[in-house]
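S.K.: Sharing a structure below in structure tokens format, with a few things to ask.
The values are calculated or read from the model by the stated rules, or taken from the named source; none is laboratory data. This one's a predicted model, so the numbers in the text were calculated from it and none came from an experiment. When we count neighbours, we look across all protein chains shown, and the Cβ atoms used for this are built from the backbone with ideal geometry, even at glycine. Ligands, DNA and RNA are excluded from the accessible area calculation, which covers all protein heavy atoms including side chains. Shrake-Rupley method; radii C 1.70, N 1.55, O 1.52, S 1.80 Å.
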Amino acid sequence: MVLIKRVLVAGMTALALLAPAAPAAADPVGGRVTDLGVPLQDVLLLGGTVAPGPDGTPVLWGASSGAPAHLNAVDPATGAAVARLDLPGAAGAWAVDATPDGSVYAGTYGDGRLYRWTRESGVTDLGRPLASENFIWTVAAGQGATVYGGTSPGGRLFAYDPATGVRDYGKLSATHSYVRSVAYADGKIYAGTENPAALFEVDAADGTVKRLPTPSGLDVTGKWAYDVNVAAGFVFVRFSDAFPGPLHVWDIAAGQWVDALDTAHGLDVSPPDEQGKVYFVKAGELVSYDPRTRAVTPTGVPVTGRVANTRGIGWAELGLPDYPGKSLVGLLWRGLMFRYNPQTGAKSFVQTGIQGEPIDITAIAGGPDDRVYTGGFLNGGFAALDAKTGKVAEFHTFSQSEAMTTHRGKLYVGAYPEARVYAYDPELPWHSPEYSPSPEPGPEANPARLFDLAADKQIRPRALVSAGRYVAAGTMPDLGQLGGVLAIWDPATGKLKHAQRGVVQDQSIVSLAYRDGVLYGGTSIYSGQSATPPTQPEAKLFAWSVKEDRLLWEFVPAPGKPAIPALTFDDRGRLWGIAGGEVFGVNVAARKVVSRVTLSTGSGASGQLVFNPKDRLLYGAHAGTEVVTVSPRTGAKAVVKRGPVHHLAVHRSGDVYFAEGANLFRYQPQSR
């Protein structure tokens, strides 16, 4: 019941914190633009630790993503927020740890900055420790006030000491770009990398780097040394990714791997108790582990759902009747706190007072029930809005959404990572065992997970379209991979009719349109992860026979442009696309471009384009700078609103919805 209550509280909190709709205002082409506020708002915790707080007693520290990110302190006895501290200039932080002197450090992403909190000075922005690095993935406490950190894209290791400043240990491996996780013990730094996973031991004093052997029989292809922890003379390394994988145990004194535990969750193991046992989540349950006897003991504390890893775990005295002495406490990714007392077996879950943050919108669609749906970035979220009032009717915790489309009474959602595709039926109750887990049985999953393309190394289902009796998806691959998948789902059979990678060589499929049995796809030369270098010079347009499952043709409609992020048909059967600063029209029968409209000389990979049948205009989001209209008949163009717009959709009413970051706007054309 506690978990069910948590979901309801999160939803009501998000609705309560929505900004009211702003008064309608005139725009350059007439009509009305209305700011509908923030439809998606939730808690996303990344890094965390348990350490003394503002009054010197232990609190749960956790970094929540936002604009800016915040460093939060939570009372483990009540769940109340003790502190909410701005991390100016940061969007979030995987890296949080506390040093023996009482400092709390946060290493952030976006600009790769390091922050330090002390009771005397509060939060201090220490700047970028390494000018070349924009992501600090991990920080680990050393001696005194010294902290060690790992970065990308250079795969570097650094130290920061308030007395001496920054020390750059350099790039640990010529073939790795990430130092994903770091731990420290007895003068040695242990650092893990991305795939193929490697573990290094670095002498903190002289900087000597030694690569430790790979555990016997372990294939590290596709695996990261994702979580590295040191406790009680052992190094714990989870060789996996963001999801459960084997936790290997290295005996520091013996200099060898001594154990491996399957289905371990991240992100940390706890500090050892008085007997040297550590605690972590294994197969959806909190367990204790004794590295000397290798005994695993379940606690009966369930940690369920798709993301069942801890965001800070440690020990605190709670002063509660059923929790004598020290109890184990930890945070989960949506702000829920768990507690467990080894003496009594007492356990509980408490929704903390950490505030939700606005979530940038990444997908918009008109639903089968006439509502407008939005999905968000990173911490995700799923919101349904009443199209007449513009108010949020439902909010649910969900995955990061890449695309949405309506097909025969259902809303289809593409989710990151693993290129997952779901079907949501608005006539049925929402029930997501993955994202709104409950120990009590519920109805069938809704959204229902249909398929994923993880086996094909795909992570982003960037394009979704209704294709006759089918639903088609186009995807972008994972780090180090090129070549997206074109997947065709048959709702009648509940199976993939066809799925093929590399329809266009080394290019992702980022846009789709359908007409008369043919799928038309726009590609991107880029992978789903920016660190992967492209091999192709420019994006292509292709046609695919749905009946015959074969490529009909392909060509370059916009020379020199890296992506065609949107495609749409007008009412005359002409196919339109956007690429960089150019809108182009294609006669698909003749297989050639017959119209071009220049918006700018840009050549970026972003953009949106949708045809509005109500006023017979194309609506585009151009390079994250403005919303425009383009007449498909005359090429005349006009600005609807200037602003950082990347996503838009046309509702069946003729209203146009678009997003500026976390805010959703509605444009009602003048004719209405």
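S.K.: Quick check on my filter: what residues within region 438-453 are at pLDDT below 95 and either open to solvent by less than 10 Å² (accessible area, probe 1.4 Å) or acidic (Asp, Glu) (or both)?
M.R.: Across region 438-453, the qualifying residues are Glu440, Glu444.
S.K.: Return a yes/no flag: does region 107-123 have any residue that is of a type in the set (A, V, I, L, M, F, W, C), open to solvent by less than 20 Å² (accessible area, probe 1.4 Å) and more than 26 Å from the chain's Cα centre (by Cα). Outline the logic, then answer.
M.R.: Of the residues in region 107-123, the ones of a type in the set (A, V, I, L, M, F, W, C) are 114, 117, 123.
Right, trim to open to solvent by less than 20 Å² (accessible area, probe 1.4 Å) and you get 114, 117.
Among the residues that remain, those that are also more than 26 Å from the chain's Cα centre (by Cα) are: 117.
Yes, that holds for at least one residue.
S.K.: Continuing with the same structure: Given (1) touching a strand residue (DSSP E or B) at 6+ places or on another chain (Cβ under 7 Å); (2) farther than 21 Å from Glu402 by Cβ; (3) crowded, with 17+ Cβ neighbours inside 10 Å; (4) not basic (Lys, Arg), where does Trp489 come up short, assuming only one miss?
M.R.: With (1) touching a strand residue (DSSP E or B) at 6+ places or on another chain (Cβ under 7 Å); (2) farther than 21 Å from Glu402 by Cβ; (3) crowded, with 17+ Cβ neighbours inside 10 Å; (4) not basic (Lys, Arg) applied to Trp489, the lone miss is (2).
S.K.: Here's a follow-up. Report yes if some residue within region 176-197 is over 22 Å from Asp111 (Cα atoms), assigned to a loop (DSSP other than H, G, I, E, B), in contact (Cβ under 8 Å) with a residue 40 or more places away in the chain and open to solvent by less than 20 Å² (accessible area, probe 1.4 Å); otherwise report no.
M.R.: Taking every residue of region 176-197 in turn, at least one turns out to be over 22 Å from Asp111 (Cα atoms), assigned to a loop (DSSP other than H, G, I, E, B), in contact (Cβ under 8 Å) with a residue 40 or more places away in the chain and open to solvent by less than 20 Å² (accessible area, probe 1.4 Å).
S.K.: Continuing with this model, one more query. Filter region 566-584 down to residues that are open to solvent by less than 30 Å² (accessible area, probe 1.4 Å), in contact (Cβ under 8 Å) with a residue 60 or more places away in the chain and not in a strand (DSSP E or B), then give me how many there are.
M.R.: Here the count works out to 1.
S.K.: Give me the pairs, please: first residue somewhere in region 341-369 and under 23 Å from Leu286 (Cβ atoms) and without any contact (Cβ under 8 Å) to a residue 60 or more places away in the chain, second residue anywhere and part of a loop (DSSP other than H, G, I, E, B) and open to solvent by 50 Å² or more (accessible area, probe 1.4 Å), beta-carbon distance under 7 Å, and either six or more positions apart or on two chains.
M.R.: Hits for this filter: Asn341/Asp322; Thr344/Asp322; Ala346/Asp322.
S.K.: Also, I was wondering about something else. Which of the residues that make up region 198-212 are part of a strand (DSSP E or B) and either in contact with a helix residue (DSSP H, G or I) (Cβ under 7 Å, 6 or more places away or on another chain) or not basic (Lys, Arg) (or both)?
M.R.: Those that are part of a strand (DSSP E or B) and either in contact with a helix residue (DSSP H, G or I) (Cβ under 7 Å, 6 or more places away or on another chain) or not basic (Lys, Arg) (or both): Leu199, Phe200, Glu201, Val202, Asp203, Val209.
S.K.: In region 534-565, how many residues are crowded, with 21+ Cβ neighbours inside 10 Å and outside any loop (DSSP other than H, G, I, E, B)?
M.R.: The number of residues fulfilling the criteria is 3.
S.K.: Right, another one. Test of understanding: among Thr397, Thr310, Thr304, which residue is within 23 Å of Trp61 (Cα to Cα), of a type outside the set (Asp, Glu) and open to solvent by 40 Å² or more (accessible area, probe 1.4 Å)?
M.R.: Details: Thr397 fails: open to solvent by 40 Å² or more (accessible area, probe 1.4 Å); Thr310 fails: open to solvent by 40 Å² or more (accessible area, probe 1.4 Å).
When all the criteria are applied, what remains is Thr304.
S.K.: For Gly375, are the conditions met, namely being in contact with a Leu (Cβ under 8 Å, 6 or more places away or on another chain), surrounded by 21 or more Cβ atoms within 10 Å (Cβ to Cβ) and on the phi > 0 side of the Ramachandran plot?
M.R.: Answer is no for this residue.
S.K.: Identify all residues within region 210-247 that are over 26 Å from the mean Cα position of the chain (by Cα), open to solvent by 20 Å² or more (accessible area, probe 1.4 Å) and under 25 Å from Ala454 (Cβ atoms); write none if there are none.
M.R.: Of everything in region 210-247, those that are over 26 Å from the mean Cα position of the chain (by Cα), open to solvent by 20 Å² or more (accessible area, probe 1.4 Å) and under 25 Å from Ala454 (Cβ atoms) turn out to be Thr214, Gly217, Leu218, Asp219.
S.K.: Scan Phe569, Phe584, Phe611, Phe658 and give me the residue that is over 25 Å from Pro368 (Cα atoms) and either of a type outside the set (Val, Ile, Thr) or at pLDDT 95 or above (or both).
M.R.: Phe584
S.K.: Restricting the search to region 317-336, which residues are surrounded by fewer than 23 Cβ atoms within 10 Å (Cβ to Cβ), assigned to a strand (DSSP E or B) and touching a residue at least 60 places away in the same chain (Cβ under 8 Å)?
M.R.: Answer for region 317-336, where residues must be surrounded by fewer than 23 Cβ atoms within 10 Å (Cβ to Cβ), assigned to a strand (DSSP E or B) and touching a residue at least 60 places away in the same chain (Cβ under 8 Å): Glu317, Leu320.
S.K.: Given the criteria loosely packed, with under 15 Cβ neighbours inside 10 Å and among the basic types (Lys, Arg), does Arg292 qualify?
M.R.: yes
S.K.: If you don't mind, there's one more thing I want to ask. Give the residue, chosen from Ala605, Ala531, Ala638, that is in a loop (DSSP other than H, G, I, E, B) and either modelled with pLDDT of 95 or more or open to solvent by 50 Å² or more (accessible area, probe 1.4 Å) (or both).
M.R.: On inspection, the qualifying residue turns out to be Ala531.
S.K.: Anything in region 221-259 that is closer than 16 Å to Thr193 by Cα and of a type in the set (D, E, K, R)? List them, or say none.
M.R.: Residues satisfying the conditions are Lys223, Asp227, Arg238, Asp241.
S.K.: Restricting to region 268-289, name every residue that is in a strand (DSSP E or B) and either open to solvent by 20 Å² or more (accessible area, probe 1.4 Å) or β-branched (Val, Ile, Thr) (or both).
M.R.: Val278, Val281, Lys282, Glu285, Val287
S.K.: Also, I was wondering about something else. When you go through (1) open to solvent by less than 40 Å² (accessible area, probe 1.4 Å); (2) in a strand (DSSP E or B); (3) under 27 Å from Gly483 (Cα atoms); (4) charged (D, E, K, R) one by one for Arg666, which number turns out not to apply?
M.R.: Only one criterion is unmet by Arg666, namely (3).
S.K.: Also: List pairs: first residue in region 252-263 and under 22 Å from Lys282 (Cβ atoms), second residue among the charged types (D, E, K, R) and open to solvent by 60 Å² or more (accessible area, probe 1.4 Å) anywhere in the structure, Cβ distance under 7 angstrom, at least six positions apart or on different chains.
M.R.: Going by the 7 Å Cβ cut-off, the qualifying pairs are Asp259/Arg294.
S.K.: Let me ask something additional. Could you identify the single residue in Ala383, Ala415, Ala423, Ala363 that is in a strand (DSSP E or B), open to solvent by less than 40 Å² (accessible area, probe 1.4 Å), in contact with a helix residue (DSSP H, G or I) (Cβ under 9 Å, 6 or more places away or on another chain) and within 26 Å of Trp489 (Cα to Cα)?
M.R.: Criteria check complete, one pass: Ala383.
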